[in-house]
Structures are given as structure tokens and as C-alpha cells.
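Student: Before I ask anything, let me first share the structure, which is written out below as C-alpha cells.
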Amino acid sequence: MKYIYKLGEVPAGVKDQIGGKAYSLDYMIRELKLNVPSGFVVISPAFEEGQIGSEAQGDIEALVSSLDTSCTYAVRSSALSEDGQNASYAGQYETVTDVKADGITEAVRSVVASADSGRVKEYNDSIAHGGEGIAVVIQKFVAPLYAGVVFTSDPLNGKDEYLTGNYVKGEGEQLVSGNANAYEFKINALKFNYEGPDEMRGFAKKLGRACLAIRSSYGMPMDIEWAVSGGSVYILQARPITTLRRYDPSTYKINGSLSGYKLLTKTNVGEIFMQPVSPITFSVLDKISNMIGLPKWLDSINGQTYMNITVMMSAIVAFGKTREEAFLSIKDLVGNVPSGLDIPVSPFSKKVFFSKIKALLFPKNKSKLSKKEKLKMVDGLADIARDLIGQIHKIDDASSLADFWDNVLVPNLNDGLASVLTACGTAMMPLFSTRKKIAAIAGDKMADRLCGGSLGVVDCMKPVLLIEDVIAGRITREEYMRDCGHRCVNEMELMSPRPYESEDYIDRLIEEHKNSGADLHAMQKTQASLFESALSEFKSSYPNKAKWIDKQIASFVHANQFREEIRSKGVWIFCVYREYLLRAGSLLNIGDDVFMLLHDEVNDVLRGKLNADVFIKERRRNYDSYLEYPPFPAVILGRFDPDKWMNDPNRRNDFYCDDVSRDVDTSGDGVIKGFPGASGVVTGTVRVIKDISEIEKIETGDILVTVATNIGWTLVFPKVSAIITDIGAPLSHAAIVAREFGIPAVVGCGNATTLLRTGDRVTVDGAAGVVKLISK
């Protein structure tokens, strides 16, 4: 057995035997090409009961005999539980520095023996950890002029606009032990401006760039040890900042607000994910964020999904836009934020972003389809999905299902993704620009009139429109289920059943729609007629813009229809994945506990390489506890403690900030403001519905007040006279569907479900984005 490997060349098969420190050093040398002192790692099986094993003794002696005797070396621990996300073990184990080659064997013995020291045992007890073995790192010793530590984020609040650090003259062990006074410094993480003693100024930019490269590659806040020697900056160690841990995969404890100072919003994503997502769904969303080069773009707090405004802003600012320009470019997507709020912007690596996009556009397992074939695949995605589901149902053993994933599903998913990307191009850009262009010429009211009623029938309207066609006999039940049987409230949640899985689903829809008495085709035609009138009026007022407005509206309509079509077909991909998981759960005899696994684990469990029981119980316990929490605030800035918020009698649902007090209009003056969703003025009675399970309480003519809506709520739209949501923006589901059916809507109010009560009388002005309380 081989017991010693060169750092930067450690094979994948032994990486679980080298400990966190050696793993990190090996990664930084091999992948990041950073200036790390060269060296070796002695893997954990080399040591038995605190001693060097007899076989490993020979390997160590051979290594020592090959080393340069003109150099000295540093010998350090790399315990298997050291320098991870759970615990750092900083300063707990013995370290021997500036040792000559002939003293290395004894230094290794000393380091290994320190695993049984009182301080290590006490540390293990403090974190409820039993210790898992130790590896040892042997590196060339760099005699430091300065040595210190850099935190890429503030360990207390996660703010990352500055790299903060301290250092001592000479070896860094003085800093860890407290035997020398430290000098403090800061490096601006965006511009690399330096604040600190002049003696370090010349090394600050190089140190800053190395630290940001580490943070970007690891995808989390890092604690980095470094040294300056011979005019060069060396990286000695890098480990996660344990106080800023976002996610524990083994338990599904997840709180994205803890990993950095960021602004999170539920706008748009809150209407897609209306309840906490399961571990399998979260792992897929996290993978998607990393694939597109926007890490943690889809974030989570106790399973509740948020969109990370900070990472989007940071990306745009990195490409040269001001903060103001960056926010204006995404406002329709992310919604309003409290006035006067400075949105945090973090360091963003364009290099990493481009590498992710390149990998997405030109993957190693590149699709072999031509552009024409890709576009054809997009058109036929639903049929392809149904065929794959049929094949999944016929598989009768776990190993064959794993093979089917590798050999059939993955290639189809790669082709599907490539096809969707090819079809997308810049097709959806008009979603963000058309209304602004029209408003600049003819004003906001005309822009609203022209952007409503113009779309025709988009996919998110079909569940209600086509049920009328079933009732009228224009289409069959089977045709309805083929078009709409995959669409539901939690359609992007892999754990959520689909309508096509229920035999009585369509009967319930027919009964509900008949009871509503609505004629949605007539409502939609009325809006289309109003649009035609607005278009004629615009052309009469601006005759030289007639061709221009036709082109703008055509692009806008195509963008909206394409967006909804792609989302509908994307849901079919989730249906295929769900059926694969259901089959895996059946073949493994774990039922819906399969949804407690992560994306990368399922095949290993199917092949018998991983014991699912190791994770399922604790993840299930945490997931079930997340389902008991109410919806968290729509907008969150900084660190958010769900239990502390729950116990606050004055808690707010609209906005939470951990370090500043911001006033929101809760004085009861009777005015609630949001985004204009759909034009029209209606006065009526409020019905507050916080969960779709309560929709049977809605009576015809009610004004629906809810957190958010999605396609599952469309079925109740015919009964309501107006819609008010806490979460939303002009591109949200409630706004799009309400505009096409002529239902006045104000979206993204933040706190409407808090300020209004069932029975209140209000006036909704959809065009102004205002709700006025008349009486309680």
C-alpha cells in the first residue's frame, strides 16, 4: 500500500484519507495554481493507535532520504475532521516548523501523538465529535517575514466588502498562540484598496487576489493562513469560516442568510416554491445555480426558497455597471426593495463565471444534435418525457434503473438542456424592455394597456381556459390531461404529486369551474378587444411609430409565450425526474424517503455504494420541522434567525434586516403600495388566504389577498374580483394572468396579508399599484 502522496497529485481514491488541510492544499496547488509551499501528505492508514505503522515507517524513511537537506520543513496535522465546515481545530494539534530532514520522522510522531492530547479531546467533546483519524502534511518551510490570517468575510455578520486580517512579524504560530501582538489591516474586496501598516502595502493586492480566488472556487467564506517570504506571498492553509456555514448536507440544516451579508427576495421564486422544498429538490436548485455561474442564486432558509439579489447585482457590477444601473436592469424580476436600502455587492469572479458558462454551452458530453434537431426536440419535449416515463415504469431492479439514468436519462437531459438554450437565445429580453420603451413615448397608462390583453393564450392560462373547453365538449378529458396534467401548485417540487397521478382530478376541476359561473374565454376576448383599441389609439397619436409598435408588441408577445411554454416543458423534465425517483423509492423499499436523498446520492444508493439510512432520518426530521414554519419575510437582509423571528410579537412579513431598523408604512393610514399588476379599479371585500388548501373559502366576488400565486391558483381566479399579493413583480404569475383576464391586481405589496383582514373593504387600483382601506 502506498502511504505518501505529493500535494497536487493526490488521487481521488484516497482523498477521504488525507484530512481537510491536506485536501485543501492539494486542491489549491492542482486547481487554483496558487503559490503554496510544495510538500507531501502521509495518509491516515499510515498510523495505528497513535504510532507510525510498520509498513508506513519505511515509506517515511524513503521520503526523508530523498528530501533536500539544504531546506527545512514544516510538519502539521491534517486530521480527517480538521479544517472542515463543521469545525476548524485551529491550534489544537501539534505543529513542528523549521525542522531539518533528519528530524521529520520524530516530528511526524509528535504530531500524531498530539491527537491524544487533552486539548484535542476537550475540543472533540465541545463539538460532540469523536475524532476520525489523522493524516500528516510535510511541506517546505518558508521563513516568513510576515505571517497572518485573512477572513474573506466578517466572521460575525458575513459582510464581505472588505478582506479583514491581521499578522505578526515572523512565524504565524505566534498569532495562533497569542504570544505576539498582531497588526490589523483591511483590503477592499472590489478595488483592492489597502488600509493598514505600510510595510504590508506592497503585498496586499497579490494577497487579496489569492484570497478571493480561494473564496470564489470554494463557494463559501474562508479563513486563510498566509506568509510573506523572500518577497513572495504564500498560501499556507484555507478552511471554511465555521460561523458562516450555510448548509449541512448530512442533516439538511439550511440557512443561506448565515453565509454572507446578502439581500434575499421571494419575488417570482416565492410563487414557484410556495412551501419548503425537499432535500432532493434543493440539491437540484443548488446545482442549477452553480451551473449558470451564479452560486447561491437560488438560496434557502429552512427550505423556503429565495432569490439572491446580491449575487445578481454583483455579477452585473463586475461587468462595469453602477449599482443603480444594475438594480434597474433586474427590478422587474426581483421586485421592490425598501427605499434607501443599499444592496450589498460582493466580489464576483468573471473568470469563474465565464468558465461555468463555457461548460454549460460546450459541455464535455456535448449534445450531438444539430440546431434544427435541438429546436425539434424542444417542440417534442412533452412527448419525449412521456415516453421516458413509460420506460421507467418497466424497470424492475435497482441496478438497471441506475444504468437507465446513466445511459438514457442523462444524455436526454443534456440534449434537452442544449435544446432549450438554443431555443432561448435572446428571446426573453423584451420581457424586461418593452413596457419601458412604450412608457417613454406614451406614458405608463398606455404602456399598461398595450402590455395587457396582447398575449392571447399562454400556457399558464390553459388549466382554466381548457377546462371550459372540456365542459363545452371542444376537447376530451384525455386531451386536457395531456396539455395540463403536469401543471400544479408545487410543480417544481419533486416530492409533489402531479394531477395526472390522480384519477378524480379533472372531475373536481369541472365541478369547481361550474360553481364559479365564470366565462374566461369571454373575459380573455374582452381584454383582447381593449388591447386592440389601445393599439389603434397609440397609432393614431404616434403615426410615425406604427411599424415600431407592431414590432415591439410582436416581440413582447413572443417572449411571454415562449417563457411560459419553456416553463411548461421544463416541468415535464421535473416529471421525468420525479418518476425516476418514485421508481427508485419503490425498488429500494424506502418509499418517499427517496426525496430525502440528494441529487448526487441517488445512483450510489441504487448501486449499493451508499447506505441511505445514514442520512434519511435526520434530514426527514428537519424537513418535517420546516413545514411547520409560516412564510418568512418576503425580503431579508443579513443574518436571519427563524426561531427568533417567530418569537418576536412585532415580527413583520414584508422585510427583515438584522442590523438596522427600517420603518415600513404600518401606521394604518389605509394605503398599501405595490407594483401595478393589472389595470382596473374594484371595490370589494377582502378574503385573506395564506395557503392554497384554504381556497374553498373564497366566495364569488372576493378580493383575494395572499402571499403569492402560481399556476395552481389560476383555477380560482374566475371567482375573484381583484388580486393583492405580498410577493410579486410585473413579470410574476399573478400579474400576467390577471392582465390577460382583466382582473385588477396589485402585486409585491410586501405586507398585505399582515395589514388586511378577511372582511375588510378595500379599493384596488391596479394601474396605480395602490390598495386603499375603506373600512374594517
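Student: Starting from the Cα of residue 719, draw a straight line to each of the lysines and keep only those under 19 Å, dropping any in the same chain fewer than 8 residues away.
Tutor: By straight Cα distance, residue 719 reaches 462, 514, 525, 690, 697.
Student: Can you order the peptides 482-489, 749-756, 554-561 by their average number of other Cβ atoms within 10 Å per residue, highest first? If you can, show how the numbers build up before the last one.
Tutor: Working: 482-489: 20.4, 749-756: 23.1, 554-561: 17.8.
Taking the mean over residues of other Cβ atoms within 10 Å, the ranking is 749-756, 482-489, 554-561.
Student: Right, here's the next one. Counting Lys +1, Arg +1, Asp -1, Glu -1, what net charge surrounds residue 37 among other residues with beta carbon under 12 Å of its beta carbon? Could the numbers behind the result be given before it?
Tutor: Numbers: positive: 76, 140; negative: 225.
Net of charged neighbours comes to +1.
Student: Moving on. What is the Cα radius of gyration of segment 434-583 over 2.2 N^0.38 Å, N being its residue count?
Tutor: 1.29
Student: Could you work out the local net charge near residue 618, counting Lys and Arg as +1, Asp and Glu as -1, over the other residues with Cβ closer than 10 Å to its Cβ? Could the numbers behind the result be given before it?
Tutor: Values: positive: 253, 617, 619, 620, 621; negative: 248.
Every neighbour counted, the sum reads +4.
Student: Give me the number: length gained by fully extending residue 206 to residue 621, i.e. 0.36 nm times residue separation minus the C-alpha to C-alpha distance, one decimal in nm.
Tutor: On the way: separation 415, 0.36 × 415 = 149.40 nm, distance 4.57 nm.
Length gained, residue 206 through residue 621: 144.8 nm.
Student: Over segment 1-69, average the accessible area per residue using a 1.4 Å probe and give it in Å², no decimals.
Tutor: 49 Å²
Student: Each residue of segment 152-168 in turn: what ³J(HN,Hα) in whole Hz from Karplus with 6.51, -1.76, 1.60 and θ = phi - 60°, glycine and Pro shown as x?
Tutor: Per residue, the Karplus-derived 3J(HN,Hα) values read 6, 9, 5, x, 8, 10, x, 5, 10, 6, 10, 8, 10, x, 8, 8, 10 Hz.
Student: Probe 1.4 Å, all protein chains in place: accessible area of residue 609 in Å², nearest 10?
Tutor: Near enough 150 Å² of accessible area.
Student: Then there is this: Ignoring ligands, DNA and RNA, please state the percent of accessible area on the chain from carbon and sulfur, probe 1.4 Å.
Tutor: Working: 17120 of 33960 Å².
Roughly 50 percent, rounded to a whole number.
Student: Where does the chain land on Rg(C-alpha)/(2.2 N^0.38 Å)? Mind dumping the intermediate values first?
Tutor: Details: Rg = 29.6 Å, N = 776, 2.2 N^0.38 = 27.6 Å.
For the chain, the normalised Cα radius of gyration is 1.07.
Student: Taking Cα pairs under 8 Å and at least six residues apart, what relative contact order does segment 409-506 come out at, in percent?
Tutor: Details: 35 pairs, mean separation 12.0, N = 98.
For segment 409-506, the relative contact order is 12 percent.
Student: Taking the radius of gyration and the Kirkwood hydrodynamic radius from Cα positions alone, what is the Rg/Rh ratio for segment 180-296, to two decimal places?
Tutor: Working: Rg = 18.2 Å, Rh = 17.0 Å.
Taking Rg over the Kirkwood Rh, I get 1.07.
Student: Using the structure shown, list the pairs from 321/445; 436/539; 371/551; 15/206; 186/331 with a Cα-Cα distance above 21 Å, or answer none.
Tutor: Working: 321/445 29 Å; 436/539 17 Å; 371/551 25 Å; 15/206 29 Å; 186/331 32 Å.
Exceeds cut-off: 321/445; 371/551; 15/206; 186/331.
Student: Under the rule of at least 5 residues apart or a separate chain, name every residue whose amide H is placed under 5 Å from the amide H of residue 133.
Tutor: Close amide H contacts, sequence-distant or interchain: 80.
Student: Is the shape of segment 597-653 rounded, prolate or oblate, going by the alpha carbon gyration tensor and its root eigenvalues a ≥ b ≥ c, with a/c under 1.5 for rounded and a/b larger than b/c for prolate?
Tutor: On the way: a/c = 4.19, a/b = 2.84, b/c = 1.48.
Note, shape of segment 597-653 comes out prolate.
Student: In debye, nearest 20: dipole of the chain around its Cα centre with unit charges on the Cβ of K, R (+) and D, E (-)?
Tutor: Working: 89 positive and 98 negative charges, 598 e Å.
Magnitude of the dipole: close to 2880 debye.
Student: Using a Cα-Cα cut-off of under 24 Å, which lysines could be cross-linked to residue 394, ignoring same-chain neighbours fewer than 8 residues away?
Tutor: Cα-Cα hits under 24 Å: 569, 609.
Student: At q = 0.15 Å⁻¹, what log₁₀ I(q)/I(0) does segment 35-85 have when each alpha carbon counts as one equal point scatterer in the Debye sum?
Tutor: -0.53
Student: Sort 709, 97 from largest to smallest accessible area, using a 1.4 Å probe on the heavy atoms of the protein chains.
Tutor: Values: 709 0, 97 35 Å².
Accessible-area ranking of 709, 97, largest first: 97, 709.
Student: Here is a further query. Using a Förster radius of 30 Å, what is the FRET efficiency between residue 387 and residue 503 based on their Cβ-Cβ separation? Nearest 0.05, please.
Tutor: Details: r = 22 Å, r/R0 = 0.74.
The value I calculate is 0.85.
Student: Let a ≥ b ≥ c be the square roots of the eigenvalues of the Cα gyration tensor of segment 330-377; is it rounded (a/c under 1.5), or, if not, prolate (a/b larger than b/c) or oblate? It would help to have the intermediate numbers written out before the result.
Tutor: On the way: a/c = 6.80, a/b = 1.97, b/c = 3.46.
The shape class here is oblate.
Student: Quick one: if you stick a label point 7 Å off each Cα along the C-beta vector at residue 644 and residue 181, how many nm between them?
Tutor: 3.4 nm
Student: Per-residue accessible area for residue 511 at 1.4 Å probe radius, Å² rounded to 10?
Tutor: Surface open to solvent at residue 511 totals about 120 Å².
Student: Taking Cα atoms of segment 180-243, Rg/Rh with Kirkwood Rh, to two decimals?
Tutor: On the way: Rg = 12.0 Å, Rh = 12.6 Å.
Computed over Cα atoms, the ratio is 0.95.
Student: Residue 33 versus residue 510, label points 7 Å from Cα toward the beta carbon: distance in nm?
Tutor: 6.7 nm
Student: Straight-line reach from residue 2: which aspartates and glutamates have Cα under 15 Å away, leaving out those fewer than 8 places along the same chain?
Tutor: 16, 55, 59, 61
Student: Another question, then. Can you tell me, using C-alpha contacts under 8 Å and at least 6 residues apart, the relative contact order of the chain as a whole percent?
Tutor: Working: 1460 pairs, mean separation 90.2, N = 776.
Dividing the mean separation by the residue count of the chain yields 12 percent.
Student: Go through segment 16-22 residue by residue and turn each phi into a ³J(HN,Hα) via Karplus (6.51, -1.76, 1.60, θ = phi - 60°); whole Hz please, and just put x for glycine and proline.
Tutor: Working through the residues one at a time gives 7, 10, 10, x, x, 5, 5 Hz.
Student: Is the shape of segment 494-540 best called rounded, prolate or oblate, per the rule: a/c under 1.5 gives rounded, else a/b larger than b/c gives prolate, else oblate, with a ≥ b ≥ c the square roots of the Cα gyration tensor eigenvalues? Provide the component values of the computation, followed by the final result.
Tutor: On the way: a/c = 6.37, a/b = 2.34, b/c = 2.72.
It comes out oblate by the Cα gyration axes.
Student: Ratio to report: Rg/Rh of segment 295-448, with Cα atoms as the point set and Rh obtained by the Kirkwood method; give two decimals.
Tutor: Values: Rg = 20.8 Å, Rh = 19.4 Å.
Here the Rg-to-Rh quotient is 1.07.
Student: OK, next. Grab the other residues whose beta carbon is less than 13 angstrom from that of residue 292, score K and R as +1, D and E as -1, and report the net. List each step's numbers first, then the result.
Tutor: Working: positive: 287, 296, 356, 358; negative: 286.
That works out to +3.
Student: Can you pull the one-decimal nm distance between simple spin-label points at residue 376 and residue 48, each 7 Å off the Cα toward Cβ?
Tutor: 6.5 nm
The values are calculated or read from the model by the stated rules, or taken from the named source; none is laboratory data. These numbers were taken from a predicted model, which means no experiment stands behind them. With ideal geometry, Cβ positions are generated from the backbone for all residues, glycine too; neighbour counts draw on all protein chains shown. With ligands, DNA and RNA removed, areas are computed over all heavy atoms of the protein, side chains included. Shrake-Rupley method; radii C 1.70, N 1.55, O 1.52, S 1.80 Å.
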